[in-house]
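Structure first, then comments.
Just so it is clear, none of the values below were taken in a lab; they were calculated from the coordinates. None of these values were measured; they are calculated from a predicted model. Backbone-built Cβ (ideal geometry, glycine too); neighbour counts: all protein chains shown.
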Amino acid sequence: LHFYDRAIEVTRKINNRLVLGASLVEKGVVLMELGRMDGLETIIQEALQTAESLGNPDLVFDAQILAAKYEHKKGNTEKAIEVLFTLNAKELSPDKHAAVNFELFHLLPQDPRFRQRALELYESLYQVTPRYSYKVRLKQLKEG
């Protein structure tokens, strides 16, 4: 976390808002994985504001996914699902639709549509570009 804090500090000083936004999202992901929720809402809000002010759709997407995961962790699963449904209704690249459906699969495991859609998309993506992250998600989806 020290390195994320340092990157955030430096990018603020040099006004590199794109790297600042990405660093905030990455720090948020790490904090969530560690179960450290204190201060996470502030980080997510700054990441969303930075991404939206830059107009960077990739960074906005990453920050929105993080925000949805955070809402779920707080126990506000309905809000998380709403954010993900809104994202899923947008015109996104296949990898982004795969990511949204993957998250929906975790939140709504009883609904097979999201698992199936994520599985189809990740299989197609993996055939074109065999990224390790796709392989990991495919394994999780197949294990159900």
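Odds and ends about this structure:
- Residue match in the range 45-53 (condition: among the polar types (S, T, N, Q) and outside any helix (DSSP H, G or I)): no
- Residues satisfying the stated conditions in the range 113-134, i.e. loosely packed, with under 12 Cβ neighbours inside 10 Å and of a type outside the set (Val, Ile, Thr): Arg113, Gln127, Pro130, Tyr132
- Failed item, numbered, when Leu34 is tested on (1) surrounded by 13 or more Cβ atoms within 10 Å (Cβ to Cβ); (2) aliphatic (A, V, I, L, M); (3) closer than 25 Å to Leu138 by Cα: (1)
- Test result for Val83, in a helix (DSSP H, G or I), under 16 Å from the mean Cα position of the chain (by Cα) and not small (Gly, Ala, Ser): yes
- Residues satisfying the stated conditions in the range 89-112, i.e. among the polar types (S, T, N, Q) and surrounded by fewer than 22 Cβ atoms within 10 Å (Cβ to Cβ): Ser93, Gln110
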